[in-house]
Amino acid sequence: MKKDFITIHELSRYEFNEILDLTTKMKKNPEKYRSVLKDKILAMIFQKPSLRTRMTFEVGMLQLGGEAIYLAPSDIQMGSRESVRDIGKNLERWVDGIMIRTFGHHIIIELAESTRIPVINALTDLLHPCQAMADLFTLLEKKGSLAGLKLAYVGDGNNVAHSLMLAAAKAGMKMAVATPPGYEPKKEIIDWAREDGQGTDFELTITHDPVEAVSEADAVYTDVWASMGQEAEKEIRKKIFSPYQVNRELFSKAKPGAYFMHCLPAHRGEEVTDEIIDSPNSIVYDQAENRLHVQKVIMMNLMGKK
Ligand code: CP
Ligand code: NVA
């Protein structure tokens, strides 16, 4: 049966740890992996903008000996010019894998079901699993181990928050999520995380109090208040989310030496101040770099020789 990479929930704990271990090895010794995807081609479907995801998937394919082809929203007009299913049935005739960034999570599920080649989730409205894998890999590099660390997420209970919860559960971390009322993570994902964290030290706190979340945290994470597709809500969200800004005062409640994390792009002066994102505690560009290393492993596992 072909494998996809759509949610961290679907990974076994073994597979999750294997991705992190292989990323350490590949990052240390990239030459060894220079032809693992020789002659393989990845189609990259983007229905939303991107810098990091586009760059890291394309550079990753080139570094592994393969190639990537970018399909812009206006090219394929998924769902209007052609159905999701027909796109899946065409692409499998030409390429070896599909990466997709889209809106509704049902779209990636439909695509994966319609095609015989692996499908990789490069962000949906619900999840951003490649981001969370890179984020935990970054923390692992900095701290040496993940189990027992406390990650605080402050802001919108969005796709990034969801994937971080699932990753923290697999890693046996403690996670606290602080959102304004009405913007909490989805119940379905909270349930998945609790299920995945069973048998580990995973603890999940969902609160409306940013100080409670950040207190004693090893890392403080935030993301934009209005995600791609929510631009119309931008102004109202700015008002609702302003008490959740990661600034000097809030950050001072974390452990001394805590890391600041953000998936980027950041809206400086909104969810985070320049002072914090540009501080020595900030590891946002390490996170961005590690998107490349983690995704190379994910692509090798799905598209390489078994
Ligand atoms: N973090 C992230 O996915 O960035 P892009 O939207 O630029 O791809
Ligand atoms: N939550 C953000 C993440 C961007 C990488 C969005 O979906 O726009």
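Bear in mind that the values in this text are calculations on the coordinates, not laboratory data. Just so you know, these numbers come straight off a predicted model, no measurement behind them. Glycine gets a Cβ as well: all are built from the backbone with ideal geometry, and neighbour counts include every protein chain shown.
Couple of notes before you dig in:
- The residue pairs whose first member lies in the stretch 243-255 and is more than 21 Å from residue 224 (Cβ to Cβ) and touching a residue at least 60 places away in the same chain (Cβ under 8 Å), whose second member is assigned to a helix (DSSP H, G or I) and not acidic (Asp, Glu), and whose beta carbons are closer than 6 Å, counting only pairs six or more residues apart or on different chains, do not exist in this structure.
- With respect to the conditions (1) among the aromatic types (Phe, Trp, Tyr); (2) surrounded by fewer than 19 Cβ atoms within 10 Å (Cβ to Cβ); (3) in contact (Cβ under 8 Å) with a residue 24 or more places away in the chain, residue 285 lacks only one, and its number is (3).
- Summed over the stretch 167-193, the residues that are of a type outside the set (Gly, Ala, Ser) and in contact with an Asp or Glu (Cβ under 6 Å, 6 or more places away or on another chain) give a count of 3.
- Selection count where residues are of a type in the set (Val, Ile, Thr) and under 26 Å from residue 116 (Cβ atoms), scope the stretch 15-68: 6
- For residue 168, the test of being small (Gly, Ala, Ser), free of Cβ contacts under 8 Å to residues at least 40 places away in the same chain, touching a strand residue (DSSP E or B) at 6+ places or on another chain (Cβ under 7 Å) and away from ligand 2 (no atom under 16 Å from the Cβ) is passed.
- Filtered residues of the stretch 260-272 (kept if away from ligand 2 (no atom under 16 Å from the Cβ) and in contact with a Phe, Trp or Tyr (Cβ under 9 Å, 6 or more places away or on another chain)): 260
- Total residues in the stretch 153-164, condition of a type outside the set (A, V, I, L, M, F, W, C), more than 16 Å from ligand 1 (Cβ to nearest atom) and crowded, with 24+ Cβ neighbours inside 10 Å: 0
- Condition met for residue 235 (in a helix (DSSP H, G or I) and either more than 14 Å from ligand 2 (Cβ to nearest atom) or on the phi > 0 side of the Ramachandran plot (or both)): yes
- Contact map, the stretch 107-125: first residue among the basic types (Lys, Arg), second residue surrounded by fewer than 24 Cβ atoms within 10 Å (Cβ to Cβ), Cβ cut-off under 7 Å, separation 6 or more or different chains; pairs are 116/2; 116/92.
- Scanning the stretch 191-206 for residues that are farther than 16 Å from residue 160 by Cβ and either small (Gly, Ala, Ser) or surrounded by 14 or more Cβ atoms within 10 Å (Cβ to Cβ) (or both) returns 194, 196, 197, 199, 200, 202, 203, 205.
- Condition met for residue 150 (farther than 22 Å from residue 266 by Cα, over 17 Å from the mean Cα position of the chain (by Cα) and either within 14 Å of ligand 2 (Cβ to nearest atom) or surrounded by fewer than 22 Cβ atoms within 10 Å (Cβ to Cβ) (or both)): no
- The helices (runs of 4 or more DSSP H) falling completely within the stretch 1-76 that include 1 or more residues that are over 26 Å from residue 106 (Cβ atoms) and in contact with a strand residue (DSSP E or B) (Cβ under 7 Å, 6 or more places away or on another chain) map to 52-63.
Condition check ((1) within 16 Å of ligand 2 (Cβ to nearest atom); (2) within 16 Å of the chain's Cα centre (by Cα); (3) touching a residue at least 12 places away in the same chain (Cβ under 8 Å); (4) closer than 30 Å to residue 188 by Cβ) across all residues:
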residue: 2; (1), (2), (3), (4): no, no, yes, yes
residue: 9; (1), (2), (3), (4): no, yes, yes, yes
residue: 30; (1), (2), (3), (4): no, no, yes, no
residue: 52; (1), (2), (3), (4): yes, yes, yes, yes
residue: 56; (1), (2), (3), (4): yes, yes, yes, yes
residue: 64; (1), (2), (3), (4): no, no, yes, no
